[in-house]
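Structure, as structure tokens:
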Amino acid sequence: MSASFMHTCVRVLDVDASVRFYEALGFERRGQLNFDAAYNVYMGLPGGGDTLELTVNVGRAEPYDLGDGYNHIAITHPDLDALLGTLASLEAGPEKPPFRPGDRADLPRIVFVTDPDGYRIEVIEGDTFVTPQDGPHPSSA
């Protein structure tokens, strides 16, 4: 038996706004699990598992402190320009226009967007992405 990745959990205040945002990214709502003081909404990308858990703590009114350790999750999307148009209708714009990391022509365009609770999402243009394998960073030499 081998280990496998199940899901990432983020705590949200307005589950409807969060579901709309993640549906715009291509996620599908899959199910819900209820507890006494909280509930989880599970979402996944077509053809994949339930990889995103939105946790709602009933009665919470203040935004969550995201800290400085979290940075982003990453997904692929076949058309960044169309996606940004859809997100604009949800009043969710990009941090900056799509770009190629390090201005490298061998890498696809990416863009960072923020969900309704402030979580960053990196969207990589295309259907798949293989992480580049550069050598050691000069600072580690």
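The values are calculated or read from the model by the stated rules, or taken from the named source; none is laboratory data. Source: prediction; values computed, not measured. Don't worry about glycine lacking a Cβ; one is built from the backbone with ideal geometry, like all the others, and counts go over all protein chains shown.
Listing for the model above:
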read-out	value
The stretch 1-33, subset touching a residue at least 24 places away in the same chain (Cβ under 8 Å) and of a type in the set (Gly, Ala, Ser), residue surrounded by the most Cβ atoms within 10 Å (Cβ to Cβ)	18
Test: residue in the stretch 8-30 that is small (Gly, Ala, Ser) and assigned to a strand (DSSP E or B)	no
Residue count, the stretch 8-21 (criterion: out of contact with any Asp or Glu (no Cβ under 7 Å at 6 or more places or on another chain) and farther than 14 Å from residue 55 by Cα)	1
Counted residues, the stretch 1-25 - those being basic (Lys, Arg) and in contact with a Pro (Cβ under 9 Å, 6 or more places away or on another chain)	1
Condition met for residue 109 (among the basic types (Lys, Arg), free of Cβ contacts under 8 Å to residues at least 60 places away in the same chain and surrounded by 14 or more Cβ atoms within 10 Å (Cβ to Cβ))	yes
The lone exception for residue 112 - which of (1) outside any loop (DSSP other than H, G, I, E, B); (2) over 23 Å from residue 18 (Cβ atoms); (3) at pLDDT 95 or above it fails	(2)
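To keep it simple, each residue is scored yes or no on (1) small (Gly, Ala, Ser); (2) over 21 Å from residue 130 (Cβ atoms).
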residue: 22; (1), (2): no, yes
residue: 25; (1), (2): no, no
residue: 32; (1), (2): no, yes
residue: 55; (1), (2): no, yes
residue: 64; (1), (2): no, yes
residue: 67; (1), (2): yes, yes
residue: 77; (1), (2): no, no
residue: 95; (1), (2): no, yes
residue: 113; (1), (2): no, yes
